[in-house]
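J.: Pasting a structure below so you can have a look.
The values are calculated or read from the model by the stated rules, or taken from the named source; none is laboratory data. Because the structure is a prediction, the values reported are computed rather than measured. Neighbour counts are summed over all protein chains in view; Cβ atoms, including those assigned to glycine, are modelled from backbone coordinates with ideal geometry. These area figures cover heavy atoms from the full protein model, side chains too; ligands, DNA and RNA do not enter into them. Shrake-Rupley method; radii C 1.70, N 1.55, O 1.52, S 1.80 Å.
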Amino acid sequence: MSKAKAAGLLRLVFHDAGTFDLDDDSGGINGSLVFELDRPENAGLRKPLKVLAKAKTNIDKIVPVSWADMIALAGAEAVSLCGGPKIPVELGRLDALVPDPEGRLPEESSDASSLKTCFQRKGLSTQDLVALSGAHTLGGKGFGNPTVFDNSYFKILLEKPWNSSADMSSMIGLPSDHALAEDDECLRWITLYAENEKRFFSDFVTAYTKLVNSGARWQKS
């Protein structure tokens, strides 16, 4: 893994785990992403998955490892490599044999209310939503250094630079990022994390752990 590839590997986590639905306990982090690469929302994920495939092939020679575990570990390693917190990841997830249902990932054009509802269906709070959105600090979306995991995302959300010119709106973040800064409940957490990076790191670890355990089916010991 390199810092330049970190954002793509972290994105794998959100797209594999993001299919979880609490109501019927389906989807979640189960490696089904390998069957779902043709879906529009998963565009651009073939390259980071190839990085994992190479690593998985080498590890499988020693001990079998699931795609779900590989994805969960890779995201945690991506965060740590770029200067973020170290995230312990429990192992033993089982892989799905078929794709997860479609239409469960939050859309880039979603408003804050839709995002909060979507995350609630996954067992994640508004605080988790805001903390996990801080991952957008990686990957060149205009939130600080694209290979440094820090709290720049929240500082820039407070500045709302996309309001200053039409050009900036297309360069910095997604409509869903902008929407968070316009929501009072989200804004409280954004402000806290902008002022306190240590708190952001701590809450990101908590939210990430929830995410990579959501919908997981575990090997029996």
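J.: Under 20 Å Cα to Cα from LYS3, which lysines show up? Leave out anything in the same chain fewer than 8 places away.
T.: The qualifying lysines are LYS47, LYS50, LYS54, LYS56, LYS86, LYS141.
J.: If packing is taken as the average number of other Cβ atoms within 10 Å across a peptide's residues, how do 19-28, 66-75, 134-143 rank, most packed first? Could you put the intermediate results ahead of the total?
T.: Details: 19-28: 16.9, 66-75: 24.7, 134-143: 21.6.
Highest mean packing first, the order is 66-75, 134-143, 19-28.
J.: Over the chain, with the other protein chains present, what is the accessible area per residue in square angstrom, probe 1.4 angstrom? Can you show the working numbers first?
T.: On the way: 10790 Å² over 221 residues.
On a per-residue basis, the chain sits at 49 Å².
J.: How many angstrom separate the Cα center of the stretch 1-69 from the Cα center of the stretch 148-221?
T.: The stretch 1-69 and the stretch 148-221 have Cα centres separated by 21 Å.
J.: Let me ask something additional. Give me the percent of accessible area attributable to carbon and sulfur for the chain, probe 1.4 angstrom.
T.: 53 percent
J.: Which net charge results when you count Lys and Arg as +1 and Asp and Glu as -1 among the other residues whose beta-carbon is under 12 Å from that of ALA53?
T.: +4
J.: Something else about it: In percent, what relative contact order does the chain have, based on Cα pairs under 8 Å that are 6 or more apart in sequence?
T.: Numbers: 350 pairs, mean separation 59.5, N = 221.
It comes to 27 percent, rounded to a whole number.
J.: Taking the Cβ-Cβ separation of LEU91 and LYS160 as r and a Förster radius of 35 Å, what is the calculated FRET efficiency to the nearest 0.05?
T.: 0.30
J.: What length, rounded to one decimal in nm, is gained on full extension from GLN219 through to SER26, with 0.36 nm per residue of separation minus their alpha-carbon distance?
T.: On the way: separation 193, 0.36 × 193 = 69.48 nm, distance 1.70 nm.
Gain in length upon complete extension: 67.8 nm.
J.: Turning to a different aspect of this structure: Cut-off 12 Å, label point 7 angstrom out along Cα-to-Cβ of THR191: give me the residues of the stretch 128-154 whose amide nitrogen falls inside.
T.: So the set is empty, nothing qualifies.
J.: While we're on this one: Once both axes come from the Cα atoms, what is the angle between helix 46-60 and the longest principal axis of the chain, in degrees from 0 to 90, rounded to 10?
T.: So the helix axis and the longest Cα principal axis differ by about 40 degrees.
J.: Sum up the charges of everything whose Cβ sits under 13 Å from the Cβ of ALA135, counting Lys and Arg as +1 and Asp and Glu as -1, but leave ALA135 out.
T.: Values: positive: ARG11, LYS141; negative: ASP128, ASP150, ASP177, ASP203.
Local charge sum for ALA135: -2.
J.: What's the angle, to the nearest 10 degrees (0 to 90), between helix 184-195's Cα axis and the longest principal axis of the chain?
T.: Tilt relative to the chain: about 90 degrees.
J.: I need two numbers for the stretch 12-73: Rg to one decimal and Dmax as a whole number, Cα atoms only, in Å.
T.: According to the Cα coordinates of the stretch 12-73, Rg and Dmax are 12.2, 38 Å.
J.: Please give the calculated 222 nm ellipticity per residue for the chain, where each DSSP H segment of at least 4 residues contributes -39500 (n - 2.57) and the sum is spread over every residue; nearest 500 deg cm²/dmol? Walk me through the numbers on the way to the answer.
T.: On the way: 10 runs with 111 residues, N = 221.
Using -39500 (n - 2.57) per qualifying helix, the result is -15000 deg cm²/dmol.
J.: Relative to the longest principal axis of the C-alpha atoms of the chain, give the angle of the C-alpha long axis of helix 197-213, reported between 0 and 90° and rounded to the nearest 10°.
T.: In the chain, helix 197-213 runs at an angle near 40 degrees to the longest axis.
J.: Can you give the Kirkwood hydrodynamic radius for the stretch 1-45, in Å, rounded to one decimal and based on Cα pairs? Write down the numbers at each step before the final one.
T.: Values: mean 1/r = 0.0886 Å⁻¹.
In the stretch 1-45 this quantity evaluates to 11.3 Å.
J.: Among TYR153, ALA78, CYS186, flag the residue with its Cα farthest along the positive direction of the charge dipole of the stretch 58-213, charges on Cβ as +1 for Lys/Arg and -1 for Asp/Glu.
T.: ALA78
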